[in-house]
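We did not get these values from a lab; they are worked out from the coordinates using the rules stated. As the structure is a computational prediction, the values presented were derived from the model and not from experiment. For neighbour counting, all protein chains shown are included, and Cβ atoms are generated from backbone atoms with ideal geometry for every residue, glycine included.
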Number of protein chains: 2
Amino acid sequence: MAKMTEHTFKQFNIELDEIRSGVLRMGGLVEAQVTNALAGLRTGDLALLDEVIAGDKRVNLMQLEIDDECNHIVAKHQLAAVDLRLVMTVIKSVSDLERIGDEAKKIAKAARRLHSSETSFAPQIDLGASAQIATGMLHAALDSFARAESDDTASIKRQDAEVDNSFKATMRQLITYMMEDPRTITSCLELLFIAKAIERVGDHAMNIAEYVVFLVQGEDVRYGKSQASVAGKD
Amino acid sequence: MAKMTEHTFKQFNIELDEIRSGVLRMGGLVEAQVTNALAGLRTGDLALLDEVIAGDKRVNLMQLEIDDECNHIVAKHQLAAVDLRLVMTVIKSVSDLERIGDEAKKIAKAARRLHSSETSFAPQIDLGASAQIATGMLHAALDSFARAESDDTASIKRQDAEVDNSFKATMRQLITYMMEDPRTITSCLELLFIAKAIERVGDHAMNIAEYVVFLVQGEDVRYGKSQASVAGKD
């Protein structure tokens, strides 16, 4: 860093701010995608669902752009450890955001099929509670990225377990429906895929929360291991 | 690079070789995990399935180690574009390999439940063909990484479409089974999750193949866009 001129230093800080705000813009878009997919599922608003499906292209492009900016930063500057951690956190976070975008698209597609089919055998399954926890996790993860403060990961892990349990409960309910009335099988499978997608939104949100811990504390908390404890090679 | 002493340069090349061979070792392990999970599903070998489930921890640790080595390389050296592309390719590839490892674990867990349940209502569904294509895609992607030659992506895209179609066909078959005999529903859902996991192995393998194109040609081919065509910001 010592070798930087004042001009380069300013430029460098602008670039770091850009990738940081890029994650938040992409995060905002992805949150909207998930919320709209779930709203469309609830209300049967097909136009909204189509918007979500079309909107995924924009999510994908944002990832490419932010990745590209990260590559430029690393290529142009010799990064200090803390800045390098930011770049790595950004690259990993946008990859998870992109996958959350994919899940939103899957939810929208399944909701579309459910609402446009003539069948009236849609089972009464409430996915609202788990959807609320999963989107709450995503919001909290982005918020902690924005503040560059790592929240208590115990809390997000508890929420992740809640979403997982809620998925298992939904699956049991759906199996009961299918057994009682085999005509509901196709709709039940759509709902199962939607429940699975909600669960995965929670998983990806937890990944992002863990990257923020790495960013803030310089410690890799994935798989419940700190870097120190995995230093020994196999 | 010009500023490097001969010693640093040698050291640097050793480090690049290490992350390159790390990907191949991790890839080999992940391939074995998938193959063993599928073998256990076929034969009902519960000990082998347990090995796969336990082995996922090693896959996760390998990702952490390789990520860590990448961070060190980027922190220590001012990388030329081609070397930076290698590091980025490695970071992304091990993330997909780790997720393939997760899919192998899911297959093993579902196979365990299928084979240890008392139910004898397991439907006759052949997942062998799609499993063979998906594992073939993974092998080809790792092979093209090893040779640092990007294969024809049209071929891997065709295979990915085959796996996707095969998943859809399996789903239709399973729906028929479930409708004809609701007692098969639980086993059918396990098989559905396994079929989905196989499909995702193919997706991740395709991602890796695309990173290799980026590595070799310096062009981002994800989402069917070259970097040139996404240069315009939103």
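Using alpha-carbon pairs under 8 Å, 6+ residues apart, how would you state the relative contact order of the stretch A:13-65 in percent?
36
Taking only the C-alpha atoms, wrap a convex hull around the stretch A:2-223 and report its volume per residue in Å³ as a whole number.
Each residue corresponds to 110 Å³ of Cα convex hull volume.
Relative to the longest principal axis of the C-alpha atoms of chain A, give the angle of the C-alpha long axis of helix A:6-43, reported between 0 and 90° and rounded to the nearest 10°.
Taking the Cα atoms of chain A, the angle to A:6-43 is about 0 degrees.
Once you keep just the Cα pairs under 8 angstrom separated by 6 or more residues, what percentage relative contact order results for the stretch A:2-223?
Value for the stretch A:2-223: 26 percent.
Please give me, ordered by residue number, the trypsin sites (Lys or Arg not before Pro) of the stretch B:1-96 that lie in loop per DSSP and have at most 11 other Cβ atoms within 10 Å.
B:Lys3
Under a Cβ-only charge scheme (Lys and Arg +1, Asp and Glu -1), can you give me the dipole magnitude of the stretch A:2-223 about the Cα centre, in debye to the nearest 20?
Charge dipole, the stretch A:2-223, about its Cα centre: 320 debye, nearest 20.
Can you tally the lysine pairs in the stretch A:2-223 where the Cα-Cα distance is under 24 Å and the two residues are eight or more apart, or on different chains?
So the count of such lysine pairs works out to 21.
With no solvent and one equal point scatterer per Cα, compute the Debye intensity ratio I(q)/I(0) for the protein assembly as shown at 0.06, 0.07 Å⁻¹ and report its log10, rounded to two decimals.
The calculated log intensity ratios at q = 0.06, 0.07 Å⁻¹ are -0.27, -0.37.
Hey, in the GNM for chain B with a 10 angstrom Cα cutoff, which one of B:Asp164, B:Asp50, B:Asp181 fluctuates hardest?
B:Asp181
What is the average number of partner chain Cβ atoms found within 10 Å of a Cβ in B:57-67?
4
Grab the other residues whose beta carbon is less than 11 angstrom from that of B:Val87, score K and R as +1, D and E as -1, and report the net.
-1
Taking the stretch A:113-175, which GluC sites (Glu not before Pro) meet the DSSP loop condition and have no more than 16 other C-beta atoms within 10 Å?
In loop regions of the stretch A:113-175 (DSSP not H, G, I, E or B), the sparsely surrounded GluC sites (Glu not before Pro) are A:Glu118, A:Glu149.
Using a Förster radius of 22 Å, what is the FRET efficiency between A:Ser155 and A:Ile14 based on their Cβ-Cβ separation? Nearest 0.05, please.
Efficiency, rounded to the nearest 0.05: 0.05.
Where the label is 7 Å out from Cα toward Cβ, how close does B:Asp152 come to the same position in every other copy, in nm, shortest first?
5.8
Inter-copy label distances at B:Arg42, 7 Å along the Cα→beta-carbon direction, one decimal in nm, shortest first?
4.8
What distance in nm separates the two pseudo spin-label positions at A:Leu46 and A:Glu6, each 7 Å out from Cα along the beta-carbon direction?
6.3
Each residue of the stretch B:63-76 in turn: what ³J(HN,Hα) in whole Hz from Karplus with 6.51, -1.76, 1.60 and θ = phi - 60°, glycine and Pro shown as x?
Karplus-based 3J(HN,Hα) across the stretch B:63-76 equals 4, 4, 5, 5, 3, 4, 4, 4, 4, 4, 4, 5, 6, 8 Hz.
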